[in-house]
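**Q** Dumping the structure here so I can ask a few things about it.
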Amino acid sequence: KTFPATLKEKSLVVVVFYLSWDARSAAFLASCSEASLALKDDTTNSSPLARVACDDWPDVCQLNNVTSYPTTKAYRDGKFLKDYRGMLETTALVNFIRLLQLPAPVELKTLEDVTSFKEGLMSTGGTNTAVLGLMGPETQEEVGTFTSVAQELQGNFLLGLVKDKELAEEVCSSYGCTVPAVVVVKRDDPYQPFKLFSGKLAHKPSLINFVRLASLPVFPELTPQNFPSLFSRDQPFVVLFGGRGEELDNVGQIAASGELPVIFCQMNVFSPDSLGAELLQFYVPNAGLPALVMVKHKTGGVFEYPYPDDLSKE
């Protein structure tokens with residue numbers, strides 16, 4: 001009886017549905033407590049997080065289509081908004097909620113707004129990317145599509161919209177594009193700091209796919225956290241083990257060119273107990289450093305680049 005009223009107490013409520021005897025639920029609830037403290041509003045002394053024990057309130061969980069545990073759902077103005085599908089840990093949950101608390105898209109009216117948006121000052125650390133929609137008064141269809149994309153991706157990405165054509169053209173001059181345009185700016189990618197959308201701006205599926213893929217660094221360090229998103233692209237991996245300085249720069253430039261249908265990534269091997277050292281020993285026992293290895297997950301094929309001293313594009 002109190003669940004609908006709880007959802008209407010705040011404009012945004014994020015509910016964790018759990019089982020009190022479930023180990024995964026218990027572990028996530030600890031993260032939720034930390035997230036709740038990080039998200040607490042100093043004015044109201046409240047957090048947007050709430051929780052429901054499904055072994056005590058099975059009817060509430062059934063009505064909200066909860067079939068696995070823990071499940072986290074976001075509600076806006078008392079109505080279901082979207083499921084949380086991120087990692088079951090504090091930082092990811094906090095980032096998700098912080099991004100939901102911002103408009104979708106954020107309207108950018110001045111050059112100072114655009115600069116703050118690109119530098120991440122508006123996202124309070126929720127994301128390392130900024131997606132800019134640079135439009136004008138004659139691009140209403142594109143504005144509508146961009147707005148719809150921003151709402152669908154809210155919680156995972158932050159999209160900002162410039163509707164003033166003069167401002168949009170000024171920002172476009174920094175990226176070599178023309179209005180209308182969509183640019184993904186990546187603060188954590190030294191090899192490809194931004195990427196322009198080249199498809200049809202009014203085509204929503206293409207724009208969503210672009211934002212998701214373009215936001216990934218082109219030459220990231222491979223970790224258990226980013227492996228699922230990289231693996232989902234269904235392409236061979238090319239991994240640089242033990243690269244330094246010029247070796248990293250050369251492979252990073254190749255990755256940024258986008259000329260090869262592979263996923264470039266790097267791994268540290270200089271700590272004997274590192275995951276990179278363990279994987280390299282598994283793939284290519286007794287390999288020298290640096291080692292450039294292609295892994296085809298579909299077939300299980302592993303191929304070592306035979307010229308590790310020459311990692312130039314040529």
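**Q** Looking at segment 261-272, can you tell me whether even one residue there is assigned to a loop (DSSP other than H, G, I, E, B) and closer than 28 Å to THR147 by Cβ?
**A** no
**Q** What's the total number of residues in segment 213-241 that are assigned to a helix (DSSP H, G or I) and either hydrophobic (A, V, I, L, M, F, W, C) or under 16 Å from ALA256 (Cα atoms) (or both)?
**A** Qualifying residue count for the region: 5.
**Q** Now for a separate question. Filter segment 24-60 for residues that are among the hydrophobic types (A, V, I, L, M, F, W, C), open to solvent by 80 Å² or more (accessible area, probe 1.4 Å) and more than 14 Å from LEU93 (Cβ to Cβ) and give the result.
**A** TRP57
**Q** Quick check on this structure: which one of VAL185, VAL114, VAL131, VAL149 is over 30 Å from PHE80 (Cβ atoms), buried (at least 21 other Cβ atoms within 10 Å of the Cβ) and touching a residue at least 60 places away in the same chain (Cβ under 8 Å)?
**A** VAL185
**Q** Without any contact (Cβ under 8 Å) to a residue 40 or more places away in the chain and in a helix (DSSP H, G or I): is that true of ALA277 in this structure?
**A** So ALA277 fits the description; yes.
**Q** Could you tell me whether segment 276-297 includes any residue that is open to solvent by less than 90 Å² (accessible area, probe 1.4 Å) and at positive phi?
**A** No, segment 276-297 contains no residue that is open to solvent by less than 90 Å² (accessible area, probe 1.4 Å) and at positive phi.
**Q** Checking ASN64 against (1) of a type in the set (S, T, N, Q); (2) touching a Lys or Arg at 6+ places or on another chain (Cβ under 8 Å); (3) within 30 Å of SER173 (Cβ to Cβ), which single condition isn't satisfied?
**A** The number of the failed condition is (3).
**Q** Here's something else I'd like to know. Residue under question is GLY125, and the condition is that it be surrounded by fewer than 15 Cβ atoms within 10 Å (Cβ to Cβ), of a type outside the set (Phe, Trp, Tyr), under 21 Å from LYS40 (Cα atoms) and out of contact with any Pro (no Cβ under 6 Å at 6 or more places or on another chain); does it hold?
**A** Spelling it out, GLY125 is indeed surrounded by fewer than 15 Cβ atoms within 10 Å (Cβ to Cβ), of a type outside the set (Phe, Trp, Tyr), under 21 Å from LYS40 (Cα atoms) and out of contact with any Pro (no Cβ under 6 Å at 6 or more places or on another chain).
**Q** Regarding THR6, is this residue of a type in the set (Ser, Thr, Tyr), closer than 15 Å to GLY155 by Cβ and touching a residue at least 40 places away in the same chain (Cβ under 8 Å)?
**A** no
**Q** Another question about this same structure. Of the numbered conditions (1) closer than 20 Å to LYS8 by Cα; (2) modelled with pLDDT of 95 or more; (3) touching a Leu at 6+ places or on another chain (Cβ under 9 Å); (4) open to solvent by 50 Å² or more (accessible area, probe 1.4 Å), ASP77 fails exactly one; give the number of that condition.
**A** Looking at each condition in turn, ASP77 falls short on (2).
**Q** Out of all the residues in segment 134-147, is one or more on the phi < 0 side of the Ramachandran plot, part of a helix (DSSP H, G or I) and hydroxyl-bearing (Ser, Thr, Tyr)?
**A** yes
**Q** Go through (1) closer than 27 Å to ALA256 by Cβ; (2) over 22 Å from the mean Cα position of the chain (by Cα); (3) not β-branched (Val, Ile, Thr) one by one and return the number of the condition LYS186 breaks.
**A** (2)
**Q** Taking segment 196-249 only, how many residues are out of contact with any strand residue (DSSP E or B) (no Cβ under 9 Å at 6 or more places or on another chain), charged (D, E, K, R) and within 24 Å of ASN286 (Cα to Cα)?
**A** 2
The values are calculated or read from the model by the stated rules, or taken from the named source; none is laboratory data. Just so it is clear, the structure is predicted and the values come from calculations on it, not from any experiment. Positions of Cβ are generated from backbone atoms using ideal geometry, with glycine treated the same way; all protein chains shown enter the neighbour counts. Accessible surface areas use protein heavy atoms only, side chains included; no ligands, DNA or RNA. Shrake-Rupley method; radii C 1.70, N 1.55, O 1.52, S 1.80 Å.
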